[in-house]
Structure formats: structure tokens, C-alpha cells
1. Taking residue 317 and the conditions (1) closer than 17 Å to residue 234 by Cα; (2) loosely packed, with under 14 Cβ neighbours inside 10 Å; (3) of a type outside the set (S, T, N, Q); (4) at pLDDT 95 or above, which numbered condition does it fall short on, given that it satisfies the others?
2. Just for the stretch 50-72: of the residues that are under 23 Å from residue 254 (Cβ atoms) and either assigned to a loop (DSSP other than H, G, I, E, B) or free of Cβ contacts under 8 Å to residues at least 24 places away in the same chain (or both), which one is most open to solvent (accessible area, probe 1.4 Å)?
3. Please work out which residue is least open to solvent (accessible area, probe 1.4 Å), limiting yourself to the stretch 283-301 and to residues that are under 26 Å from the mean Cα position of the chain (by Cα) and without any contact (Cβ under 8 Å) to a residue 24 or more places away in the chain.
4. When the stretch 125-135 is examined, which residues are found to be surrounded by fewer than 24 Cβ atoms within 10 Å (Cβ to Cβ) and touching a helix residue (DSSP H, G or I) at 6+ places or on another chain (Cβ under 9 Å)?
5. Give the number of residues within the stretch 230-264 that are in contact (Cβ under 8 Å) with a residue 40 or more places away in the chain, surrounded by fewer than 19 Cβ atoms within 10 Å (Cβ to Cβ) and either basic (Lys, Arg) or in contact with a Phe, Trp or Tyr (Cβ under 8 Å, 6 or more places away or on another chain) (or both).
6. Which of the residues that make up the stretch 77-109 are over 15 Å from residue 148 (Cα atoms), of a type in the set (Val, Ile, Thr) and surrounded by 20 or more Cβ atoms within 10 Å (Cβ to Cβ)?
7. For the stretch 136-227, please list each of the strands (runs of 3 or more DSSP E) lying entirely inside it that holds at least 1 residues being buried (at least 24 other Cβ atoms within 10 Å of the Cβ) and touching a His at 6+ places or on another chain (Cβ under 7 Å).
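The values are calculated or read from the model by the stated rules, or taken from the named source; none is laboratory data. Computed from a predicted structure; not experimentally measured. Note that we place each Cβ from the backbone using ideal geometry, even for glycine, and neighbour counts take in every protein chain shown. Heavy atoms of the whole protein, side chains included, go into the accessibility calculation; ligands, DNA and RNA do not. Shrake-Rupley method; radii C 1.70, N 1.55, O 1.52, S 1.80 Å.
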Amino acid sequence: MLVLLTSRIACDFRKRSNEQTATNGGSDEVTTLRFSHFLTATDNINTEGFEPWAQKIEEESNGRLKVEIYPSSTLSEAGATYDASAKGTIDIGMQVQGYTAGRFPLTQIVELPGISNTGQQQTCILYKLYDDGVISDEYADTHLISLMGTGQGALHTVDTPIRKPEDMKGMRIRQPSVVASHVIDALDAAPIGLPMGDVYTSLQRGVIDGMAVTWQPIQAFRLDEMLNTHTNIPFYNSTIVMSMNKDKYNSLPDDLKKVIDDNSGIEVSTRIAKIFDDSNAEVMAAARARGDTMIDIPDPLNDPDWREPLLDGTQRYLNEVAEKGLDGEAVYEQVKAASAACKV
């Protein structure tokens, strides 16, 4: 009996040892990477994008890398996830750049009105700027895995149609980023900062009148139960970053670094951006099928009512970038050139 018990203890010890985070790349050791993001576990970006990505890394590493996904901001707050990955509080993080005001000023120029039509186009723009060194310094404190777009933002309200800028006067609109905030303010509405997880109850209690967001999260966060009036106006575009702690990446042996690198970059980013694009179209179609009020303003920069306030919001943001000592106007021209090159 003592021999059997000793054998079991030894077996359990070996099992636990093999599951510990590796620092020297031993072939039998498992490195567990904790991946934090703010989306729900059932969100299709998680189930169709991040979970298959994590599984692919585990398979290609022959089980030596394991990615544990922590959704719903359980390991890091939505607006602090990038910094958490930089500091090593988490190993990998995903966040919307706009959730941390002023942290990615040049990247967010990509979010301005009229720059992109789809998440995939936006992803292409981001990588052109990153590869050309225009925005790469903003991610120098982490090992970059992915930059991606989420598609065009729109305005969604409860019972209140927005057809012209004056319809927004005095409305309280949840904003996802400083770019959207400047535009909403230029439209004489009040931009309100709220985590996505608080939007449902804020709509329910009348704390906000509506929100600015791409279509995909409307269903993922059950906001379709509240929002029934939509203005499809491409006045901003959110971007997303996935990053890994540098020390954690550097601690891996070369063959495992290659697994991470093979599952990073524009191809992975474009694949997930396509999930956003497909979901945006599907959720919008579902709203139309429900009979929600739909108002389409497809080209607002050439619309006599919308052009001036959108350009005003754009200039406000570029002025803010200039106040940081950065040449936002020059980058804006590079962004527009990248947009034309990435147009599909």
C-alpha cells in the first residue's frame, strides 16, 4: 500500500511539473499563456476567432503551449488590458485602442470618418502603417500579435430616429473612443464613456439614450433587446490590438516563438476581421427583419447635412494629436493613402 501511495504521489508531482510554465523550453514542459479580453465567452469573435486561434497554437506546439482564455474582463479591465500585457500581469491581451484615451493617438487616426468601409480594409490599413513604421512605436513595449478593424460604427437608439445632425442635440450617446467622442460632441450630443458590460442596464434605466458601436456587439451583448432604431452612418471605426508580454515571449525557445509568430500578423488579423464583417452584416439583417427603424446615410462626408460636423470632429481629433507634439496631419495623409491602396 505504501509503495502504491508513493507511486501515485510521484506521478501527480510529475504531472504538475509538466504543466508548470516553462522558462527553458524543455520538450516535455507546458507553457500556459493567460489571454484576457473583454468579450463574453459566447461572443462569436471568441468562439470563432480566439478559441480556434488558441487551439491552433496548442496543436502546432504539440501541446507545449496552452492558451487559457479569460473573457469578460475577468483578469484585466477593458481599458487596461494592453498595459496589463506590457507589465506582465497577463501574458496576452486584447483591447480596443480607443478604450485608453491618448494611448494610441496615431493608430486612432485610422478610425476617423471616411477612412474605411470594412474591418478587413481597416486591418490592411493598420498593417501598412505598422510595417512602414508610422504607428509601430505605439506598440514597442509589447510583442505584437494582431492589429485589426471591427468595421464601421453606427448610431443605435431606443425609439429616437436620427436622420440629421440636429436630431442628436442633447442626446446622451455612449462613445467607444476619443475619436467617436469628438465627432459626437461636434454633433451637439453628449458623449458618455461606459464599459460595454454596463450599456444594457444604462439603456434600461435611461442613463443613456443610445450608443455608437459596430453592429456585431449589438447581438453579442443582447443589446438588440433594447435598441430598435438605427442610423447606418460610417462616422468612426474601432480598432483592436492583441499583444503579448515581451518577457514571456522572449522566455520561449525559438521553436515556440515560431509557433506564436506563425499565428500572428495580417493573415490572422484579417481572418478575425472577416468574422466582424460577416457578423455586422448578419446582425444588421436581423434588425431589418425584426422591423427596426433603419436610416441609411452611406456617404456622410458628401452629405450636405453631415459633412461639416464630421469634418469638425475630425479636425478636433487631429488638433488633439498635434497638442501631443505629433504630426497628426501628415499621418492623416498617410492614412488616406493607405485607405486608397487597401480599398476592395
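1. (2)
2. Among those that are under 23 Å from residue 254 (Cβ atoms) and either assigned to a loop (DSSP other than H, G, I, E, B) or free of Cβ contacts under 8 Å to residues at least 24 places away in the same chain (or both), it is 62.
3. Of the stretch 283-301, the ones under 26 Å from the mean Cα position of the chain (by Cα) are 283-288, 294-301.
From what is left, the residues that are without any contact (Cβ under 8 Å) to a residue 24 or more places away in the chain are 285, 288, 299.
Values: 285: 57, 288: 109, 299: 81 Å².
Among those that are under 26 Å from the mean Cα position of the chain (by Cα) and without any contact (Cβ under 8 Å) to a residue 24 or more places away in the chain, it is 285.
4. Of everything in the stretch 125-135, those that are surrounded by fewer than 24 Cβ atoms within 10 Å (Cβ to Cβ) and touching a helix residue (DSSP H, G or I) at 6+ places or on another chain (Cβ under 9 Å) turn out to be 127, 128, 129, 130, 131, 132, 134.
5. Residues in the stretch 230-264 being in contact (Cβ under 8 Å) with a residue 40 or more places away in the chain, surrounded by fewer than 19 Cβ atoms within 10 Å (Cβ to Cβ) and either basic (Lys, Arg) or in contact with a Phe, Trp or Tyr (Cβ under 8 Å, 6 or more places away or on another chain) (or both): 1 in total.
6. Across the stretch 77-109, the qualifying residues are 81, 90, 92.
7. Per the criteria, 154-157, 210-213.
Let's see how each residue does on (1) in a strand (DSSP E or B); (2) of a type in the set (Asp, Glu); (3) over 20 Å from residue 114 (Cβ atoms):
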site	(1), (2), (3)
277	no, yes, no
294	yes, no, yes
301	no, no, no
311	no, no, no
315	no, no, no
320	no, yes, no
331	no, no, no
